[in-house]
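A short reminder: the numbers here are calculations on the coordinates, not readings from a lab. Please read these numbers as outputs of a predicted model, since none were measured by experiment. Please note: Cβ atoms are built from the backbone with ideal geometry, for glycine as well, and neighbour counts cover all protein chains shown.
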Amino acid sequence: MDLGIADRVALVAASSRGLGRAVATELGNEGARLVICARDQSALQTTQQAIEGETGAEVVAVPADLSEDGASDHVVQAGIDAFGQIDILVTNAGGPPAGLFEQHDLDAWDAAIRLNLRSAIALTQGVLPGMKERHWGRILNITSIAVKQPVDNLILSNSVRAAVTGFARTLANEVAAFGVTVNNLMPGYTRTQRVEELAERSAEQQGKTPDEIIGTWESQIPMGRLGSPEEFAAVAAFLVSDRASYVTGTSTQVDGGWIRSLL
Ligand code: NAD
């Protein structure tokens, strides 16, 4: 299937590694020009070179901490300065810290909102006027399976990602007539560096090996294994493609069957 996005400009946020990097790479393979960002300049540059080498795509890398005021505008503007427009936006950021309700003060809630909700809104504010004007746009938010089935000990993430979903579902209707789609993609347990680090930390706390921790997660997944970032990126690429022109307001899980609900 030709996804029809060759030469489209895609801004993929938080993309020096993990899911964001995999999505950027997949879109680069489809011929898109890319804007990537992350906090760590040297990690970002390494990723930029790797994606350029692997895909032949033109990649602009913008160091930015998306939880800071003005950072999202800065990234969008750098993309527009380089390529003239942004056609595809994939919002993403790191995850907020784990913990129970009584372990987080209000500052922790503010930080989670800034990181995962406010950054998605600010990036969208930056790209939407151009998308509406050109009558073509794709916005895809990376959320989490926690939107459909909250994960214990992750109250910040569970709450803030539900807020992103409410924002996106409402915006989808407001901009549908302009040829702009807004969707969410919910990763399940996917083998990124972050998940491997989480397994190591849990292993230390519980006196187990990282493989044992991953084994416990895998036992809850009907497919019996973690997903790969590339499996996630393939679905993302379809949802931001020209071919997905009648898909909007959705949340799609890529979780090997982990969510047990009917819908
Ligand atoms: P990761 O830690 O491997 O990658 C996160 C990326 O975001 C990195 O490039 C990092 O540099 C960048 N980043 C982090 N904070 C940032 C900030 N403030 N500003 C700019 N860039 C920032 O994580 P991942 O596994 O790829 O997960 C991506 C998102 O998906 C996270 O929000 C995570 O909670 C969520 N998620 C992941 C999984 C999974 O299994 N991997 C499952 C559910 C949800």
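The table that follows gives values for the structure above.
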{"read-out": "Separation of alpha-carbon centers, region 137-187 and region 68-136, rounded to whole Å", "value": "12"}
{"read-out": "Using alpha-carbon coordinates, inclination of helix 193-206 to the longest axis of the chain, degrees", "value": "10"}
{"read-out": "Gaussian network model of the chain, springs between alpha carbon atoms under 10 Å - residue of Q45, Q193, Q85 with greatest fluctuation", "value": "Q193"}
{"read-out": "Rg in Å to one decimal, and Dmax rounded to a whole Å, for region 101-176 via C-alpha atoms", "value": "14.2, 47"}
{"read-out": "Relative contact order [Cα under 8 Å, 6+ residues apart], region 179-235, whole percent", "value": "37"}
{"read-out": "Rg and Dmax [Cα atoms of region 85-243; Å; Rg one decimal, Dmax integer]", "value": "17.3, 56"}
{"read-out": "Residue of L239, L128, L100 that the Gaussian network model of the chain assigns the largest fluctuation, springs spanning Cα pairs under 10 Å", "value": "L100"}
{"read-out": "Mean separation of Cα contacts under 8 Å (6+ apart) over length of region 132-232, as relative contact order %", "value": "28"}
{"read-out": "GNM flexibility winner over the chain from D65, D242, D40 (Cα, springs under 10 Å)", "value": "D40"}
{"read-out": "P(r) weight above 24 Å for region 1-100, C-alpha pairs, percent", "value": "16"}
{"read-out": "Residue-by-residue Karplus 3J(HN,Hα) for region 84-91, coefficients 6.51, -1.76, 1.60, Hz, glycine and proline x", "value": "x, 6, 10, 9, 10, 10, 10, 8"}
{"read-out": "Dipole magnitude of region 194-263 about its Cα centre (Cβ charges: Lys, Arg +1; Asp, Glu -1), debye to nearest 20", "value": "300"}
{"read-out": "Alpha carbon convex hull of region 173-248, projected area averaged over orientations, nm²", "value": "6.7"}
{"read-out": "Relative contact order [Cα under 8 Å, 6+ residues apart], region 137-193, whole percent", "value": "53"}
{"read-out": "Under Karplus coefficients 6.51, -1.76 and 1.60, residue-wise ³J(HN,Hα) of region 150-156 in Hz, glycine/proline x", "value": "x, 9, 4, 6, 10, 5, 5"}
{"read-out": "Lys, Arg +1 and Asp, Glu -1 on Cβ, resulting dipole of the chain about Cα centre, debye, nearest 20", "value": "640"}
{"read-out": "Chain lengthening between A6 and D152 when straightened (0.36 nm per residue, less Cα-Cα)", "value": "48.5 nm"}
{"read-out": "Amide H contacts under 5 Å for N141, placed H, 5+ residues apart", "value": "T91, N183, N184, L185"}
